[in-house]
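The structure under discussion appears below in the form of C-alpha cells.
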Amino acid sequence: MSGVIVLDGEGKRLADCSEAKAEKLLASGRARLVSQNPFTIQLDAVIPLPQAEAQEDPLQGKRLLLHICCGPCATFTVRYFRERGAQVTGYWYNPNIHPYSEYLKRRETLARYAEEISLPVLWEAPYDVIEFFRRIAGHEAFGERCALCYRLRLERTARAAAEGGFDLFSTTLLISPYQNLQILRALGEELSRIYGVAFYFENLRRGFAEHHRLAEEHGLYRQRYCGCLYSEWESLDPSAPTHRRRQGG
Ligand code: SF4
C-alpha cells in the first residue's frame, strides 16, 4: 500500500508517511486533512529544511603562537582564542619594557597567570634591550619608534612560529586602543609572507574593558605606561619632546 501524501504548511510535498502516523498527526492537531482519496494531510507549519552544516571556525584546532605583551592583555585574548577552538601557546619577547625591574615584574605576572590557566609559554631569552635601542636610535618620536618596536617583536614571533611548526601567529597588542592596528596588520601580513606562517588579525579592542575586569579578578599587576623609557617619560611629562602631541600625531 502506498503511503499518505504529506504537504508542508506552504503546500510543498514532503516524504510520504504511514497511515498510522498520519492518523496520529491529525489526532494531535498538528496536521489537517486535505483529501481522503488520495489520503493527503497538510502539516500546520512549515517544516524547516535541514540547515546547512555550520561553517567550521578557521581557528578550530589550529596551533596559534600568540605574542603576549603582558599578563593583563593575555586575559581576554587567550580566553577568546581558546573559545574559538585554537590551541594557544604564548610567546614572550618584549625588550621594549624598561627598566629591567619593570620587565621582570611583567614577566613574573604573566608566568603566574599562565600557570593559573595552564597556558604553555615560550620564553625568549635573554633581555634584548640593546637590540631594542639600536633599532629605534634616531627614530625616538612616538609612532615612529612604535612601528620599529612592533617589527622587532612580531619578527621574532613569526620566526619562532615557523621554527615551531605553528599554523598561525598573532599578538595581544590587538586588544589595545593605544596601539596602531593598521601598522600591526600590515607588519603581520608582511612577516607572514617572509616566514610562511599565517598572521591572524582581528580588532579585539571590544575586549579591552573585559580585560581590565579579568586582570582585577586575577589580581594581576597593571602597568601605568606602555613599556619603553620614552613612554614612561611621556606618561609623566606631556612636554617630553618624543611625545605624540609634539609630533602632531
Ligand atoms: S610606546 Fe610602547 S609600542 Fe611604542 S615604542 Fe614604546 S613600548 Fe614600544
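The values are calculated or read from the model by the stated rules, or taken from the named source; none is laboratory data. Everything numeric here is computed off the predicted structure, so don't read it as measured data. Here the Cβ is made from the backbone with ideal geometry for all residues, glycine too, and neighbour counts use every protein chain on show.
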Looking only at segment 233-247, decide whether some residue is closer than 27 Å to residue 115 by Cβ and surrounded by 14 or more Cβ atoms within 10 Å (Cβ to Cβ).
-> no
Determine if segment 203-220 includes at least one residue that is aromatic (Phe, Trp, Tyr), more than 24 Å from residue 111 (Cα to Cα) and surrounded by 14 or more Cβ atoms within 10 Å (Cβ to Cβ).
-> no
With the checklist (1) over 24 Å from residue 124 (Cβ atoms); (2) at pLDDT 95 or above in hand, flag the one item residue 246 doesn't pass.
-> (2)
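Each row is one residue, and each column tells you yes or no for (1) assigned to a loop (DSSP other than H, G, I, E, B); (2) within 10 Å of the ligand (Cβ to nearest atom).
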position	(1), (2)
154	no, no
158	no, no
179	yes, yes
185	no, no
201	yes, no
210	no, no
216	no, no
238	yes, no
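For every residue, the table says whether it meets (1) under 23 Å from residue 65 (Cα atoms); (2) of a type in the set (Lys, Arg); (3) not assigned by TED's automatic domain parsing to the domain that holds residue 74.
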{"position": "177", "(1), (2), (3)": "yes, no, no"}
{"position": "187", "(1), (2), (3)": "yes, no, no"}
{"position": "195", "(1), (2), (3)": "yes, no, no"}
{"position": "198", "(1), (2), (3)": "yes, no, no"}
{"position": "202", "(1), (2), (3)": "yes, no, no"}
{"position": "206", "(1), (2), (3)": "yes, yes, no"}
{"position": "210", "(1), (2), (3)": "yes, no, no"}
{"position": "217", "(1), (2), (3)": "no, no, no"}
{"position": "232", "(1), (2), (3)": "no, no, no"}
Among the numbered conditions (1) more than 16 Å from the ligand (Cβ to nearest atom); (2) loosely packed, with under 14 Cβ neighbours inside 10 Å, tell me where residue 192 comes up short.
-> (2)
Residues in segment 187-199 that are of a type outside the set (Lys, Arg) and either part of a helix (DSSP H, G or I) or at pLDDT below 95 (or both): how many?
-> 8
Top-ranked residue in segment 137-147 [being of a type in the set (A, V, I, L, M, F, W, C) and in a helix (DSSP H, G or I); ranked as nearest to the ligand (Cβ to nearest atom)] = 146
Residue 174, sole failed condition from (1) within 16 Å of the ligand (Cβ to nearest atom); (2) touching a residue at least 24 places away in the same chain (Cβ under 8 Å); (3) more than 16 Å from the chain's Cα centre (by Cα) = (3)
Look through 120, 72, 126, 99 and report the one residue that is in contact with a Lys or Arg (Cβ under 7 Å, 6 or more places away or on another chain) and not acidic (Asp, Glu).
-> 72
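So that you can scan it fast, the table gives a plain yes or no per residue for (1) in the same structural domain as residue 155 (by TED's automatic domain parsing); (2) more than 16 Å from the ligand (Cβ to nearest atom); (3) polar (S, T, N, Q); (4) touching a helix residue (DSSP H, G or I) at 6+ places or on another chain (Cβ under 8 Å):
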position: 76; (1), (2), (3), (4): yes, yes, no, yes
position: 84; (1), (2), (3), (4): yes, yes, no, no
position: 90; (1), (2), (3), (4): yes, yes, no, yes
position: 113; (1), (2), (3), (4): yes, yes, no, yes
position: 126; (1), (2), (3), (4): yes, yes, no, no
position: 130; (1), (2), (3), (4): yes, no, no, no
position: 135; (1), (2), (3), (4): yes, no, no, yes
Can you work out which of the residues in segment 20-29 that are closer than 20 Å to residue 10 by Cβ and modelled with pLDDT under 75 is surrounded by the fewest Cβ atoms within 10 Å (Cβ to Cβ)?
-> 29
